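Below is one structure; the comments refer to it alone.
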Amino acid sequence: MAATRKAQVLAELPAGLPAEVERAVRSAGALPLAKLCRVKLTAPARAELEQRLVLAGLERTAKVVRVPLGAQLEALVSGGARVPLREALRRVKGGAKPELTAALQTLVARGGAHLVVRTAVETLVGGADRVLSEAGVAELVRAHAALGKVLKKVTAKGPRRSLLGEDALALVEPLGRAAATVAEATGTAAGIGPRGAEELVLGALPGLEHPVLGLVRVPSLVRALAGRATVADVHGALLGLAERGVVELRPDAGSEFLGADDAPLCPPGPRGTVFSHLRRLQP
């Protein structure tokens, strides 16, 4: 009877294995540590594989390697998709509820997505979608209260009642004012356009440049412009400025660890990298 062949344990990573595992994780959203690859690796080789995956922008937890939760959520609403929040949270892989809640709050805070209510259902939408500002929501609340108070009397028991046309228009006028504040919610909704976004970016650079190297961290720039320009606005402006030679974009080569909340703020670079830094070429 033939002897059972033991699986070979590899002390060095096979060529292409890290990229293969990264593709599998990004496709699945998350993979258990025990199922990252079929080949057996020594502990040092395994540690090297996991380190390379982290440097590629993935996260390693106690149980899984995953695409950052915020990036998974943002991907769900890319291209204008609108996903009910419950469904969105179910589709994100590799995170416990407290982690998902924190990732959602961070994503919404930086403008990567918005959480809106559509026909009483909480829904996650893209950062470029037009949403009401906080002032607009407050205006709606006041208008709703005033309208409800009047309609309660109009529809009370007794003789049939109605409203003067001019009074009805006055009651709904605040609703129009609230809708107008949608322009304040995001940079794109405000109609700043590519030129406006570039002006915002160039205006913010002096305060963010390294005093010696002259470099600016892209995540710091995006956060500095939060509320005035969306992530997409900043990325578009940077790519346009780089194409005209106004700034130089530098991809992250793994020499610096990019946090899970930083990587999604950087525009995509060559060969799976992201542009994490920039430098002005023209004053």
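The values are calculated or read from the model by the stated rules, or taken from the named source; none is laboratory data. Remember, predicted model here, so these are calculated numbers, not experimental data. So basically every Cβ, Gly included, is an ideal-geometry build from the backbone, and we count neighbours across all protein chains shown.
Here are the numbers for this structure:
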item	result
Number of the condition not met by VAL247 [criteria: (1) at pLDDT 75 or above; (2) crowded, with 19+ Cβ neighbours inside 10 Å; (3) more than 26 Å from LEU115 (Cβ to Cβ); (4) within 23 Å of the chain's Cα centre (by Cα)]	(4)
Residue in segment 165-172 that is surrounded by 13 or more Cβ atoms within 10 Å (Cβ to Cβ) and within 26 Å of PRO267 (Cβ to Cβ) present	no
Residue match in segment 99-117 (condition: among the basic types (Lys, Arg) and over 27 Å from LEU225 (Cβ atoms))	no
Residue check, GLN51 of a type in the set (S, T, N, Q), on the phi < 0 side of the Ramachandran plot and crowded, with 19+ Cβ neighbours inside 10 Å	no
